[in-house]
1. First select every other residue whose beta carbon is under 14 angstrom from the beta carbon of Leu62; then total the charges, Lys and Arg +1, Asp and Glu -1.
2. On the accessible surface of the chain, probed at 1.4 Å, how many percent belong to carbon and sulfur atoms?
3. Mean shadow of the chain, computed from the convex hull of its alpha carbons, in nm²?
4. I'd like the Karplus ³J(HN,Hα) series for region 43-55: coefficients 6.51, -1.76, 1.60, θ = phi - 60°, whole numbers in Hz, and an x wherever there's a Gly or Pro.
5. Would you mind checking the tilt of helix 7-25 against the longest principal axis of the Cα atoms of the chain, expressed as 0 to 90 degrees and rounded to 10?
6. How much mean residue ellipticity at 222 nm does the chain get from its helices, if each DSSP H run of length 4 or more adds -39500 (n - 2.57) and you divide by all residues, to the nearest 500 deg cm²/dmol?
7. So what is the accessible area of the chain per residue, in Å², with the probe set to 1.4 Å?
8. What is the sum of charges, Lys and Arg at +1 and Asp and Glu at -1, for the other residues whose Cβ falls under 15 Å from the Cβ of Tyr46?
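The values are calculated or read from the model by the stated rules, or taken from the named source; none is laboratory data. Bear in mind the structure is a predicted one, so any value in this text is a computation, not a measurement. Here the Cβ is made from the backbone with ideal geometry for all residues, glycine too, and neighbour counts use every protein chain on show. Side chains are part of the model used for accessible areas, which takes the heavy atoms of the whole protein and leaves out ligands, DNA and RNA. Shrake-Rupley method; radii C 1.70, N 1.55, O 1.52, S 1.80 Å.
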Amino acid sequence: MAMQPTKEEQAQVKLAQLIGAAMAELTTPAYLQRMQFLARDRRTKYLAHIEAGFTEAQALELCRV
């Protein structure tokens, strides 16, 4: 008779499945397009801060928020 997995083992399996799904998501075209969009958005914000008179260091700091 096979033993039932413990709750901890079940949680570990579920976590492994979630990590696997997240890893698979990293290679989808939709994910790559989303990251490109976010990068362009950050660059636009950075340049807007520079244009508004902030230093490069200040603009970088503001973009981290």
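1. 0
2. Result for the chain: 63 percent of the exposed heavy-atom area is carbon or sulfur.
3. 7.0
4. 5, 4, 5, 4, 5, 5, 5, 4, 5, 7, x, 7, 6
5. For 7-25 against the chain, the angle is about 40 degrees.
6. The helix contribution divided over the chain gives -26500 deg cm²/dmol.
7. On a per-residue basis, 93 Å².
8. Around Tyr46, the surrounding residues sum to +1.
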